[in-house]
């Protein structure tokens, strides 16, 4: 499988054209990358060197932190450069590699958990004596994107989509209420991210961004939700033609009303898990 999202089309002459993630229709275009390459039928795209692969990455900065999101969008990995005296926090078990100058603290082996008390467990990576860096990745195949928080803007994040955040971002548990919690597939709690900085979220599959205008609505299956603007109004509804389940949330959707931004993932983790289990049991 190619490391880059492609838009494969076969023309009448038997050639296959592909557009790397830098093409204009991609939500994160990469300046300077070739828009389209035409290959003879049956020929595979070239294998790029590490430096060329990094051209596909999202590079950015939040305050003193410099980050790079590379190998998008199915085998994505995040690198954050941490200046001396600063730290980031991340989901437990997400560390891939780090410089010797980074010190990890926290019960990261137990992962990221939400409790009824509102406590959250995560790993703190601090550059104590010198500048350092850390590589992070989620456990599933998918993408990573940064959400920059500024000007008092807050986001609600699925507890399964959280990956990391920089210092300056405050995380708190947001109760959805009994009704929303039972039907949303997210349990009683989601994560509210506020403050100043950047929070990194991950997905199963690619991440699609929806910009809702004033009073514009969209209905999204709750299993495909990644994050949404705190200002967006939403409610839980039964999907027409489905039989709802109180325990799994099957047949239920979230109706969002703008203005605001919603991020959704192209694959549903619960459905994917069920497919894997079914495939394994039948083989």
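For first residues located in the stretch 72-98 and within 27 Å of residue 265 (Cα to Cα), partners that are modelled with pLDDT of 95 or more and outside any strand (DSSP E or B) and lie 6+ apart or on another chain with Cβ distances below 6 Å form the pairs 72/143; 73/143; 76/143; 77/137; 96/137. In the stretch 187-237, of all residues being at pLDDT below 90, touching a helix residue (DSSP H, G or I) at 6+ places or on another chain (Cβ under 7 Å) and within 21 Å of residue 267 (Cα to Cα), the one that is surrounded by the most Cβ atoms within 10 Å (Cβ to Cβ) corresponds to 223. Within the stretch 55-75, identify whether any single residue is in a loop (DSSP other than H, G, I, E, B), modelled with pLDDT under 50 and farther than 23 Å from residue 139 by Cα, and answer yes or no. No, every residue in the stretch 55-75 fails to be in a loop (DSSP other than H, G, I, E, B), modelled with pLDDT under 50 and farther than 23 Å from residue 139 by Cα.
Let's see how each residue does on (1) at pLDDT 95 or above; (2) surrounded by 20 or more Cβ atoms within 10 Å (Cβ to Cβ); (3) under 13 Å from the mean Cα position of the chain (by Cα); (4) under 26 Å from residue 61 (Cβ atoms):
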site	(1), (2), (3), (4)
141	no, no, yes, no
152	no, no, no, yes
168	no, no, no, yes
179	no, no, no, no
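Counting the residues of the stretch 83-101 that are assigned to a strand (DSSP E or B) and closer than 19 Å to residue 195 by Cα gives 4.
The values are calculated or read from the model by the stated rules, or taken from the named source; none is laboratory data. Here the structure is a predicted model, which means the values were calculated and not measured. All Cβ positions, glycine included, derive from the backbone under ideal geometry; neighbour counts span all protein chains shown.
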